[in-house]
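The values are calculated or read from the model by the stated rules, or taken from the named source; none is laboratory data. Keep in mind the model is a prediction, meaning the values are calculated, not measured. Note that each Cβ is placed from the backbone with ideal geometry, even for glycine, and that neighbours are counted across all protein chains shown.
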Amino acid sequence: MNKHLRATLILSCLAQFMVILDVSVVNVALPSIHTALGFSEADLQWVVNAYTVTFAGFLLLGGRAADLLGRRRVFVAGLVLFGAASLAGGLAQSQLELIVARAAQGLGGAVIAPASLSILTTTFPEGPSRNRAVGIWGAMGGAGGSAGVLLGGALTQALGWRWILFINVPIALGAALASARLLAEGRDHSATRNFDLSGALTGTLGLSLLVLGIVRTDVAGWGSAQALGAIAAGVALLGAFLVIEARLARHPLMPLRIYRSRALSASNAIVLLIGAATFAMWFFLSLYLQQVRGYSALQAGLSFLPMTLFIAGGAVFASRVAIRIGTRPLLVVGLLAQAAGLLLLTRISVSGSWFADVLVPSVLVAIGIGLSFVPVTISAVAGVDPHEAGLASGLVNTSRLVGGALGLAVLTALATSHTNHLLASGDAVHAALTSGFDLSFGVAAVISAAGAVVALVGLPRVKREVMAARAATVAAGD
């Protein structure tokens with residue numbers, strides 16, 4: 001591999017690792033952030049959701065901007081924005097400052113992730129070298145998500161929670177300087193310069209208002225004008241987004257015609273449910289280990305290490321057997337394993353056993369996650385034409401983030417409401433918190449089981465040779 005290709009691979013993978021890591025790196029630091037800035041339990045989720053909502057909302061727009069404005073230029077701009085937002089978040093002195101900074105990070109990540117993949121697939125020649133490069137890039141994404149909780153725990157305990165954000169600054173700015181010098185510029189000169197900014201804004205604002213309305217039910221109640229008004233405004237904006245995509249946008253970010261594919265529609269529904277169940281699990285398990293069991297940030301991070309290993313192992317196994325046995329059986333088994341693990345997590349208690357009450361259920365969930373994500377992506381692209389496989393894969397990732405944001409909002413609202421009710425009835429704080437977490441895990445188990453039902457009845461049978469061809473397309477990043 002020549003120096004130009006090696007530099008391209010290193011910079012693209014480093015950037016992908018960083019933006020995916022920041023989805024999960026804050027989870028272990030949440031109790032420290034809660035104490036330092038005075039977040040309520042309900043509002044604390046915005047430290048996570050401010051990032052995921054803007055990341056999901058602008059992901060498709062970021063990919064289009066890279067193609068139209070130049071991949072290197074957009075990639076460098078995204079890195080600079082990510083670094084600046086990370087610095088602002090680390091310096092934040094109020095809840096609002098941190099949430100705004102996290103939202104800006106999400107916007108930077110929405111630019112960096114698709115641009116880095118686009119740079120790889122246009123720089124490396126088609127064939128084994130490109131497949132190898134994209135495989136490494138994909139592994140970096142998985143490693144970033146898994147390493148986030150461990151790195152977050154180590155940094156929070158050794159240096160304080162602000163360093164989970166400060167650490168991004170030299171990495172992002174150093175990568176931006178190197179990219180400006182070493183990466184080749186690239187642009188799709190045949191494409192029309194139409195960004196569908198109205199679609200991106202209405203979709204992101206609609207999702208944000210919907211999440212905000214759900215979160216505010218903790219304070220104002222489900223029937224309050226404040227909560228219902230935000231939810232109604234969010235639904236209205238999401239409706240406007242669908243109208244824009246279906247009728248008004250010349251080059252829509254999310255062409256609704258693609259959802260005529262039964263396989264794609266079912267796959268997106270499944271991955272949305274996976275995101276809704278698993279994002280909340282990481283959030284609540286981190287709070288339980290630190291707030292109830294008294295773990296340090298580092299101990300909590302290390303507690304998630306077995307999950308990391310089993311997610312990776314499940315994904316490797318799924319990638320090898322998906323073509324042989326089909327995606328639907330793997331998805332059903334994976335989602336049922338996930339549901340069973342979440343159901344077992346409802347047994348956690350103030351003085352329970354870590355091995356039996358946390359490790360065993362979380363490993364079962366991790367195996368389910370690993371078995372699910374590869375086949376659901378293959379199923380999504382199996383239902384569309386090969387030239388639209390990139391769009392289908394992007395929609396799967398967007399659905400995962402949207403599901404995560406909505407699931408976290410709903411489950412946090414339910415858990416917080418239940419905990420507050422128990423506290424008002426005179427229960428001890430730790431017992432009330434644990435009971436709220438138990439409720440959230442139970443609902444998450446139902447969500448995962450619903451995903452298994454969708455996989456069983458919604459996914460059509462796909463011929464083995466078609467599935468193999470689409471799996472190769474996914475691996476190549478096209």
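Details
- First in segment 93-119 and closer than 30 Å to Gly38 by Cα and assigned by TED's automatic domain parsing to the domain that holds Arg71, second anywhere and surrounded by fewer than 22 Cβ atoms within 10 Å (Cβ to Cβ) and of a type in the set (Gly, Ala, Ser), Cβ under 6 Å, 6 or more apart: Leu98/Ala92; Ala101/Ala88; Ala101/Ala92
Results for (1) of a type in the set (S, T, N, Q); (2) more than 24 Å from the chain's Cα centre (by Cα), shown as yes or no for each residue.
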residue	(1), (2)
Leu228	no, yes
Leu248	no, yes
Ile274	no, no
Ala277	no, no
Phe284	no, no
Leu287	no, no
Tyr295	no, yes
Met307	no, no
Ser319	yes, no
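- Those residues of segment 32-68 which are among the polar types (S, T, N, Q), part of a helix (DSSP H, G or I) and either crowded, with 20+ Cβ neighbours inside 10 Å or in contact (Cβ under 8 Å) with a residue 24 or more places away in the chain (or both), in sequence order: Ser32, Gln45, Asn49, Thr52, Thr54
- Which numbered condition Ala29 fails, given (1) over 27 Å from Trp137 (Cβ atoms); (2) in contact (Cβ under 8 Å) with a residue 12 or more places away in the chain; (3) not β-branched (Val, Ile, Thr): (1)
- Residue list for segment 32-43, restricted to those being of a type outside the set (Ser, Thr, Tyr) and modelled with pLDDT of 90 or more: Ile33, His34, Ala36, Leu37, Gly38
- When Val358 is tested against (1) of a type in the set (A, V, I, L, M); (2) in contact with a Leu (Cβ under 9 Å, 6 or more places away or on another chain); (3) surrounded by fewer than 19 Cβ atoms within 10 Å (Cβ to Cβ), just one condition goes unmet, and that condition is (3).
- Residue satisfying all of: in segment 448-462; at pLDDT below 90 and farther than 17 Å from Leu371 by Cβ; surrounded by the fewest Cβ atoms within 10 Å (Cβ to Cβ) among these: Arg461
- Residue within segment 107-119 that is over 17 Å from the mean Cα position of the chain (by Cα), surrounded by fewer than 20 Cβ atoms within 10 Å (Cβ to Cβ) and either modelled with pLDDT of 80 or more or among the hydroxyl-bearing types (Ser, Thr, Tyr) (or both) present: no
- Hits in segment 396-421 (condition: surrounded by fewer than 18 Cβ atoms within 10 Å (Cβ to Cβ) and among the hydrophobic types (A, V, I, L, M, F, W, C)): none
- Candidate set: segment 288-306, residues that are among the aliphatic types (A, V, I, L, M) and crowded, with 23+ Cβ neighbours inside 10 Å; chosen: the one farthest from Ile348 (Cα to Cα): Ala297
- Members of segment 139-161 that are surrounded by fewer than 20 Cβ atoms within 10 Å (Cβ to Cβ), at pLDDT 85 or above and part of a helix (DSSP H, G or I): Leu151, Ala154, Gln157, Ala158
- Any hit, segment 364-377, residues being at pLDDT 85 or above, farther than 29 Å from Thr398 by Cα and buried (at least 24 other Cβ atoms within 10 Å of the Cβ): no
- Helices (runs of 4 or more DSSP H) lying entirely in segment 251-330 (those with 2 or more residues that are under 24 Å from Val457 (Cβ atoms) and not charged (D, E, K, R)): 262-287, 305-325
- Test set (1) surrounded by 24 or more Cβ atoms within 10 Å (Cβ to Cβ); (2) at pLDDT 85 or above - Gln95 fails condition number: (1)
- Subset of segment 423-438 [surrounded by fewer than 18 Cβ atoms within 10 Å (Cβ to Cβ) and in a helix (DSSP H, G or I)]: Leu423, Ala424, Val429, His430, Ala431
- Residue in segment 216-223 that is of a type in the set (A, V, I, L, M), outside the structural domain of Ser116 (by TED's automatic domain parsing) and either under 21 Å from Ile99 (Cα atoms) or at pLDDT below 85 (or both) present: yes
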